[in-house]
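Everything below concerns the one structure shown next.
The values are calculated or read from the model by the stated rules, or taken from the named source; none is laboratory data. As the structure is a computational prediction, the values presented were derived from the model and not from experiment. With ideal geometry, Cβ positions are generated from the backbone for all residues, glycine too; neighbour counts draw on all protein chains shown.
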Amino acid sequence: MDDHILLPNGMAQIALKNNRIGDGGAVWLSGKLPTGLAKLFLDNNLIGDTGAEALFSNLPVGMGRLYLDGNSIALDAMQEGTQLPTGLLELSLTGNRIGDRGAAWLARHLPQGLNKLWLDGNVVGDAGAEALFANLPAHLQAMELSGNRITLGTMHESMQLPQDLTNLNLMNNLIGDAGAKALFASLPANINVVELNNNRIALEAVEEQTLLPNGMTQLALRNNRIGDRGAVWLSGRLPASLANLFLDNNSIGDTGAEALLANLPANMQTLELNNNRITLEAMDDHILLPNGMAQIALKNNRIGDGGAVWLSGKLPTGLAKLFLDNNLIGDTGAEALFSNLPVGMGRLYLDGNSIALDAMQEGTQLPTGLLELSLTGNRIGDRGAAWLARHLPQGLNKLWLDGNVVGDAGAEALGNTLN
């Protein structure tokens with residue numbers, strides 16, 4: 001490019017994502033950046049350390065946001081004198097080649113005003129993570145470190161993350177129980193969201209005195225190794241502020257589920273326990289679920305009619321969505337559920353069960369507020385379709401009956417009702 005080109009000083013944003021800018025182009029651009037630039041998007045180019053160093057050295061002092069996702073930046077050969085602008089608020093380096101050495105360099109050069117940092121999809125290990133954790137800006141609010149190689153097994157439990165940190169994503173690492181124990185001890189009291197999916201965490205070796213932060217509103221532990229024992233441990237430590245809990249695919253059975261359901265905080269909004277081993281058949285009848293819960297997801301468990309009958313008597317009055325797909329539920333369970341769904345409930349999903357609707361009582365009613373009903377892949381024939389046709393709420397706007405055995409008579413009954 002012509003070296004005489006000058007960009008207007010008042011330009012606030014430049015976006016050059018998904019091009020072929022390499023180190024040479026980044027070096028050229030670094031000498032042309034307008035003094036008023038606030039945002040620079042250079043994602044998915046071919047920039048390496050040479051280009052990154054040139055950019056870092058020439059960013060306008062007041063620039064607030066820099067996005068360099070999907071390049072080839074390692075930060076291995078950066079000069080110590082290279083500085084990021086003091087006004088930088090957001091820095092995104094997702095999907096680069098940053099390892100421990102690059103993370104350590106970055107830790108020494110993070111501006112104190114930074115409030116969002118993305119480093120997911122790199123190759124950062126424990127040494128890099130510890131360097132970052134020890135040097136994070138005091139007012140950092142969100143940090144993404146998913147998809148790295150972090151165990152936190154050597155992290156000192158006295159290390160404290162910034163008090164302003166509200167969102168921490170460590171999904172798809174190698175954390176395990178030792179790392180989880182150290183992490184829980186380092187979390188600030190007011191953190192809101194902690195994402196720990198797919199990390200080999202069982203919660204079996206975490207000490208009894210370990211507590212979760214009081215301000216936590218969302219905890220995601222999908223695809224770990226929690227089981228009943230870990231679920232029981234967790235049930236006694238759920239913060240009062242917790243609103244969303246995700247424990248899908250964790251080999252949890254009725255013992256763990258019962259402990260969790262009996263100890264859900266009053267503020268709970270969403271509970272996901274998909275892909276576990278839950279039947280709900282021998283649960284304590286005294287359990288009460290929080291009335292304000294909006295969503296319960298129990299897909300791909302072993303609930304059956306007995307579990308569905310138990311659950312039908314426990315549904316919160318504020319429930320809006322219920323997912324019970326692939327659970328061995330038949331007509332007995334379906335009838336109990338239909339008879340006890342909250343009046344204002346909007347969405348019910350019962351795909352992949354054994355529901356025929358053949359023996360349903362005429363007095364059974366679906367809630368008047370139901371908007372979506374999914375019964376895909378059940379055993380509904382003409383008789384069941386005719387019963388359903390007589391009981392569809394007037395406000396329903398989506399109905400799924402694919403993969404059943406409905407014939408012309410059932411289709412005609414449904415068609416007449418829908419028309």
task = Go through the stretch 181-201 residue by residue and tally those that are assigned to a loop (DSSP other than H, G, I, E, B), surrounded by 16 or more Cβ atoms within 10 Å (Cβ to Cβ) and among the hydrophobic types (A, V, I, L, M, F, W, C).
result = 4
inquiry  = Residues that are closer than 27 Å to A266 by Cα and either among the aliphatic types (A, V, I, L, M) or touching a residue at least 24 places away in the same chain (Cβ under 8 Å) (or both), at least 2 per element: which strands (runs of 3 or more DSSP E) completely within the stretch 305-419 meet that?
reply    = 321-323, 347-349
message = Among the numbered criteria (1) under 24 Å from D408 (Cα atoms); (2) in contact with a Gly (Cβ under 8 Å, 6 or more places away or on another chain); (3) of a type in the set (G, A, S); (4) crowded, with 18+ Cβ neighbours inside 10 Å, which one does G333 miss?
response = (1)
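May I ask you to verify whether P342 is closer than 25 Å to P316 by Cα and within 30 Å of the chain's Cα centre (by Cα)? Give the steps one after another, and end with the answer.
Working: closer than 25 Å to P316 by Cα: yes; within 30 Å of the chain's Cα centre (by Cα): yes.
So P342 passes the test.
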ask   = Somewhere in the stretch 369-378, is a residue more than 31 Å from the chain's Cα centre (by Cα), surrounded by fewer than 19 Cβ atoms within 10 Å (Cβ to Cβ) and on the phi < 0 side of the Ramachandran plot?
value = no
message = Which condition from (1) in a loop (DSSP other than H, G, I, E, B); (2) farther than 25 Å from D3 by Cβ; (3) in contact with a Gly (Cβ under 9 Å, 6 or more places away or on another chain) is the one that R101 breaks?
response = (1)
Residues that are modelled with pLDDT of 95 or more and within 23 Å of R229 (Cβ to Cβ), drawn from the stretch 153-175 = L170, M171, N173, L174, I175
request  = Using the structure shown, decide if T376 is polar (S, T, N, Q) and in contact with a strand residue (DSSP E or B) (Cβ under 9 Å, 6 or more places away or on another chain).
outcome  = yes
task = Restrict the check to the stretch 267-279 and report whether at least one residue is assigned to a loop (DSSP other than H, G, I, E, B), over 24 Å from the mean Cα position of the chain (by Cα) and modelled with pLDDT of 95 or more.
result = yes
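Please find, within the stretch 202-229, the residue that is surrounded by the fewest Cβ atoms within 10 Å (Cβ to Cβ) out of those that are over 17 Å from L174 (Cα atoms), touching a Leu at 6+ places or on another chain (Cβ under 9 Å) and hydrophobic (A, V, I, L, M, F, W, C). Break it down into steps so the answer makes sense when it comes.
Here is the first cut: in the stretch 202-229, the ones over 17 Å from L174 (Cα atoms) are 207-219, 227-229.
Checking the rest, the ones that are also touching a Leu at 6+ places or on another chain (Cβ under 9 Å) come to 212-213, 216-219, 227, 229.
Restricting the remaining residues to those that are hydrophobic (A, V, I, L, M, F, W, C) gives 212, 216, 219.
On the way: L212: 17, M216: 24, L219: 20.
Top of the filtered list is L212.
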